[in-house]
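Derivation of every value follows stated rules applied to the coordinates shown; laboratory data play no part. Note that the structure is a prediction, hence the values are computed from the model and not measured. Ideal geometry is used to build each Cβ from the backbone, glycine not excepted, and the neighbour counts take in all protein chains shown.
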Amino acid sequence: MSIFSSLFKKRENKPDISSILPQEIFEAGVLELKDIIAPSALKVTPKEINLGEKILRSFFVISYPRFLSEEWFAPIINMDKVFDVAIFIHPIETSRVLRQFQRKVAEVQSQIHMREEKGLVRDPVLDVAYQDLENLRDQLQQAQEKLFDVGLYITIYGDSDAELDKIESEIKSILEAKLIYVKPALFQQEQGYKSTLPLGNDLLNVHSKLNSSPLSSLFPFTSFDLTSDKGVLYGVNRHNSSLVLFDRFSLENYNSVIFAKAGAGKSYAAKLEILRTLMFDTEVIVIDPEREYEYMAEATGGRYFKISLNSEHHINPFDLPQPTAGESAANVLRSNIINLVGLFRLMMGGLTAEEDAIIDRAITETYALKDITVESDFSNIEPPLMSDFELVLSGMEGGESLAQRLSKYTKGTWAGFINRPTNVDINKKFVVFSLRDMEDELKPIAMYIVTHYIWNAIRKELRKRLLVIDEAWWMMKSDDTASFLMGLVKRGRKYFLGVATITQDVGDFLKSPYGVPIITNSSIQLLLKQSPATIDELQKTFNLTDEEKYLLLESDVGEGIFFAGLKHVAIKNIASYTEDQIITSDPSQVLAIKKAKQEAAEDKETALAAQNKEIKEAQNAG
């Protein structure tokens with residue numbers, strides 16, 4: 001009976017309204033927490049429970065194998081499903097267990113003796129049971145082990161019976177492969193559900209006896225944890241506030257991808273990793289299309305190259321790398337010719353099959369003019385220039401029109417970029433190539449040439465290196481540059497190279513036929529805040545749950561999901577004050593830093609002028 005009905009219950013006489021307290025009327029209409037969290041409806045069946053819009057099903061473990069391996073429960077805990085797990089541990093008094101063990105040992109020993117007297121073959125099951133009982137009894141007697149009644153219950157959730165059946169089949173297959181068997185709580189679904197609620201009530205009372213050692217393997221402390229004893233601090237685990245420490249060079253490949261919308265902190269996260277990676281004897285090379293890494297290169301003592309039409313830094317695409325151990329000069333030359341054909345295809349806006357063959361033959365003849373052939377030793381020979389190639393091409397049948405299309409790269413303002421000998425040296429721990437001042441039309445070409453030059457330099461000597469390609473969507477615009485990038489990703493591991501690909505244009509990246517292969521060949525993926533326009537495609541590519549999808553939509557700057565191998569966690573990037581001052585690209589912060597530096601310089605200049613004035617006055621007085 002409700003409060004109102006009890007208050008206004010009819011009596012023999014009329015109710016005395018004046019006796020009802022206003023406080024009681026108010027409290028009767030107060031909304032409590034249980035009213036908010038309670039489901040809209042509840043239906044209990046023998047096999048499952050309909051809880052509002054969800055369907056749930058509870059199970060219990062009935063049997064374990066003789067030995068339990070470490071972290072055997074981790075595959076269940078780390079399943080990308082919605083479920084609850086309850087583990088009930090009831091200690092058993094050791095003195096009572098020892099008395100039961102004494103009787104059990106006597107029974108098993110008696111059965112062994114009876115078989116011996118009858119002349120039967122020894123039963124290995126009885127022998128193993130006797131040994132196990134004796135060993136466990138000794139350990140219990142010496143207080144090395146304790147015995148427990150353990151109940152393990154699992155409740156799974158789904159939107160339909162078909163989804164529940166699929167999850168149930170997946171859980172059973174994982175556990176039964178380890179000889180662990182579960183059963184549904186038939187006609188006890190209500191008790192099973194209540195047992196897995198965070199109330200600590202064991203209503204199922206389905207227990208198995210486990211001693212301390214196998215019981216310790218059951219504890220689910222391996223979930224949502226990416227903390228190792230070495231590596232780079234990527235951020236803080238938003239699940240449990242632990243640190244996400246990971247070493248990319250400990251995985252099967254060393255590559256990574258970062259996807260985020262503009263302003264979500266993707267370059268900030270990359271620069272934070274670079275800054276910390278430099279402390280672990282790793283060389284870092286960056287292709288920077290937006291001039292975001294200049295101050296960082298200056299602060300860390302690195303080298304900063306501006307690549308533009310009027311730049312003093314040049315790269316000759318005809319440069320040849322030195323053959324590595326076990327690699328022939330012929331293979332190096334052929335590989336470079338193939339890459340150059342791809343470059344000219346990009347520079348000329350595409351080639352027909354006939355033009356492709358002419359370009360290939362012209363490159364070979366251009367190298368031959370400098371005595372560079374598959375039989376020669378070209379280690380000390382100066383390579384040809386683009387103008388040499390144009391000259392050869394113009395003298396070939398069918399090459400005149402190609403030479404005219406190429407002339408803009410060998411004459412006029414564009415010649416300064418590509419038609420000069422190489423004068424850059426990346427023999428530093430931190431090197432940045434800036435392409436911001438390069439015209440948009442030439443940026444894909446410039447990125448192709450720079451990455452090709454870096455690749456040749458990397459193959460010379462085996463070192464631990466990280467190549468960061470920011471705004472990689474520029475390279476995904478052309479099949480030739482995208483193919484070359486995928487080649488770097490696939491072959492980099494052989495040369496101790498990790499490739500970090502960063503982009504904000506997820507749509508263009510995934511539309512390329514090379515986009516998904518680059519992702520699948522990257523052991524580390526970092527997804528930060530996403531836009532609604534691309535989230536569905538991203539969810540399909542990374543197999544995200546709806547909860548993870550909404551997490552990416554609602555994340556703040558520097559927050560997202562960090563994938564490493566088979567594990568992934570929600571992460572938040574955190575930098576110290578000093579790191580933040582070095583790596584920030586927030587325009588307001590950058591202006592504040594520049595203003596502070598300018599004021600400091602002016603104060604220093606003022607102080608120096610005052611000091612010189614005092615010195616002169618002292619000299620005049622003397």
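Quick notes on this structure:
- With contributions of -39500 (n - 2.57) from each DSSP H run of at least four residues, the per-residue ellipticity at 222 nm computed over the chain stands at -13500 deg cm²/dmol.
- Placing unit charges on the Cβ atoms only, positive for Lys and Arg and negative for Asp and Glu, gives the chain a dipole magnitude near 1360 debye about its Cα centre.
- What the phi angles of the stretch 249-258 give under the Karplus curve with 6.51, -1.76 and 1.60, with θ = phi - 60°, is a coupling list of 7, 9, 8, 5, 9, 9, 8, 8, 10, 10 Hz, glycine and proline written as x.
- Summarising the strand pairing of the chain, around 65 percent of its internal DSSP beta bridges are antiparallel.
- The modelled label-to-label distance between GLU312 and LYS494, using points 7 Å beyond Cα along the C-beta direction, is 3.8 nm.
- Per DSSP, loop GluC sites (Glu not before Pro) in the stretch 306-361 with at most 15 further Cβ within 10 Å: GLU312, GLU327
- In a fully extended conformation the segment linking ASP159 and GLU554 would gain 139.8 nm over its present Cα-Cα distance, using 0.36 nm per residue.
- Straightening the chain between SER95 and ARG405 buys 102.2 nm, computed as 0.36 nm per residue apart minus the Cα-Cα spacing.
- All aspartates and glutamates inside 16 Å of LYS146 as judged from Cα atoms, apart from same-chain residues fewer than 8 positions distant: GLU93, ASP132, GLU134, ASP138
- Of the cross-linked pairs LYS261/LYS464; LYS230/LYS540; LYS428/LYS464; LYS271/LYS494; LYS460/LYS490, those separated by over 21 Å at the C-alpha level are LYS261/LYS464; LYS230/LYS540; LYS271/LYS494.
- Simple rule: put +1 on each Lys or Arg Cβ and -1 on each Asp or Glu Cβ in the chain, find the dipole, and look at ILE154, PHE305, ALA500; the Cα lying farthest toward the positive end is ILE154.
- Under 20 Å from the Cα of LYS47 - aspartates and glutamates, other chains or at least 8 residues apart: ASP84, ASP159, ASP161, GLU163, ASP165, GLU168, GLU170, GLU190, ASP202
- Packing, taken as the mean count of other beta carbons within 10 Å per residue, orders the peptides 147-153, 334-340, 254-260 from highest to lowest as 254-260, 147-153, 334-340.
- Computed packing ranks the peptides 41-50, 471-480 as 471-480, 41-50, most packed first, by mean other Cβ atoms within 10 Å.
- Once C-alpha pairs closer than 8 Å and six or more residues apart are averaged by separation and normalised to the residue number of the stretch 445-544, the relative contact order reads 28 percent.
- Counted by Cβ distance under 12 Å from GLU273, the other residues give a net charge of +2, where Lys and Arg count +1 and Asp and Glu count -1.
- The alpha-carbon of LYS604 sits under 20 angstrom from the alpha-carbons of these lysines, leaving out residues fewer than 8 places away in its chain: LYS594, LYS595, LYS613, LYS616.
- Modelled FRET efficiency - R0 45 Å, GLU461 with LYS146, Cβ distances, 0.05 increments: 0.20
- Environment charge at ARG96 (Cβ cut-off 14 Å; Lys +1, Arg +1, Asp -1, Glu -1): +4
- Calculated FRET value between ARG420 and GLU602, using beta carbons and R₀ = 35 Å, to 0.05: 0.30
- Positive-end residue of PHE59, ILE418, LEU351, charge dipole of the chain with Cβ unit charges: PHE59
- Label-point gap, in nm, between GLN111 and SER169 - each point 7 angstrom along Cα→Cβ: 3.8
- Among the trypsin sites (Lys or Arg not before Pro) within the stretch 213-296, those in coil by DSSP and having at most 16 neighbouring Cβ atoms inside 10 Å are LYS230, ARG291.
- Inter-site label distance for LYS178 and SER241 at 7 Å from Cα along Cβ, in nm: 3.0
- Taking trypsin sites (Lys or Arg not before Pro) across the stretch 93-170, the ones in a DSSP loop with at most 14 further Cβ atoms lying within 10 angstrom of their Cβ are LYS118, ARG122.
- Summed side-chain charge close to LEU462 - residues other than LEU462 whose Cβ falls under 14 Å, Lys, Arg +1, Asp, Glu -1: +4
- Multiplying the residue separation of SER576 and LEU233 by 0.36 nm and subtracting their alpha-carbon distance yields 122.3 nm.
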